[in-house]
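Contents: one structure, followed by commentary.
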Amino acid sequence: MSKTAIYPGTFDPITNGHIDIIERGLAIFDRLIIAVALNPKKAPLFNIEERIEMIEESLGRHPKVSVETFSGLLVEEAERRKARVILRGLRAVSDFEYEFQMALMNRNLNDKIETVFMMTGEAYSYLSSSVVKEIASLGGTVDGLVPNIVSARLKETFAGTNLTNEGVFPA
Ligand code: ADP
């Protein structure tokens with residue numbers, strides 16, 4: 001039986017940390033569905049179309065990968081797409097508590113779907129979409145942390161905005 005995993009996230013925007021998880025996931029699973037959450041509550045910087053476009057451009061065409069959007073319960077989306085595995089990445093201990101809660105809650109909702117965690121690549125352990133947005137908003141370079149298309153989009157997005165020194169990172 002072919003093994004399909006669903007990799008859910010906000011991907012606002014996709015980073016090289018996400019790509020590392022996707023590449024390693026592809027070595028294990030026959031098919032990977034990247035499920036982009038609408039997540040209006042998180043007030044994403046990029047809308048759903050932009051987030052999907054950046055993912056598709058970064059990954060190129062791949063016969064084993066599809067990019068979809070979803071809202072609502074993840075386990076229902078997994079069931080609909082015939083994925084038995086939810087793939088998530090783990091960085092620091094700080095990710096653990098939330099991921100632990102979500103994995104148990106999802107199992108409670110549907111015990112046929114298993115959550116599988118992959119440890120972050122060492123080079124990406126400090127990398128998150130929020131950090132990348134913060135640096136870009138302050139005029140810092142994010143080259144090497146995100147695919148080229150993402151770094152170009154971030155530059156466009158923040159071009160002409162007033163740089164402040166109020167964030168975590170010095171401008
Ligand atoms: P969410 O809002 O669901 O947390 P994200 O786009 O932030 O969406 O993350 C999606 C998944 O990718 C999560 O499992 C997250 O832990 C993982 N992830 C994000 N950045 C990294 C990274 N640098 N290394 C490993 N996993 C990561």
Positions within the range 126-149 being without any contact (Cβ under 8 Å) to a residue 60 or more places away in the chain and hydroxyl-bearing (Ser, Thr, Tyr), in sequence order = TYR126, SER130, SER137, THR141
Would you please list the contacts, defined by Cβ atoms under 9 Å and residues six or more apart or on different chains, that run from a residue in the range 150-165 that is small (Gly, Ala, Ser) to a residue that is modelled with pLDDT of 70 or more?
-> SER151/VAL132; SER151/ALA136; SER151/THR141; SER151/VAL142; SER151/ASP143; SER151/GLY144; SER151/LEU145
Inspect the range 116-123 for any residue being assigned to a helix (DSSP H, G or I), of a type in the set (S, T, N, Q) and within 9 Å of the ligand (Cβ to nearest atom) and give the result as yes or no.
-> no
Which one of these is among the basic types (Lys, Arg) and closer than 15 Å to VAL132 by Cβ: ARG51, ARG24?
-> ARG51
Could you tell me which of the residues ILE86, ILE14, ILE22 is buried (at least 18 other Cβ atoms within 10 Å of the Cβ), at pLDDT 95 or above, among the hydrophobic types (A, V, I, L, M, F, W, C) and touching a strand residue (DSSP E or B) at 6+ places or on another chain (Cβ under 6 Å)?
-> ILE86
Do any residues in the range 89-101 that are among the hydrophobic types (A, V, I, L, M, F, W, C) have Cβ atoms under 8 Å from those of residues that are open to solvent by 100 Å² or more (accessible area, probe 1.4 Å), where the two are at least six apart or on different chains, and which pairs are they?
-> LEU90/PHE96; LEU90/MET119
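The values are calculated or read from the model by the stated rules, or taken from the named source; none is laboratory data. Keep in mind it's a predicted model, so treat the numbers as computed, not measured. All Cβ positions, even for glycine, are placed from backbone atoms using ideal geometry, and neighbour counts span all protein chains on display. We work out accessible area using only protein heavy atoms, side chains counted, and drop any ligands, DNA or RNA first. Shrake-Rupley method; radii C 1.70, N 1.55, O 1.52, S 1.80 Å.
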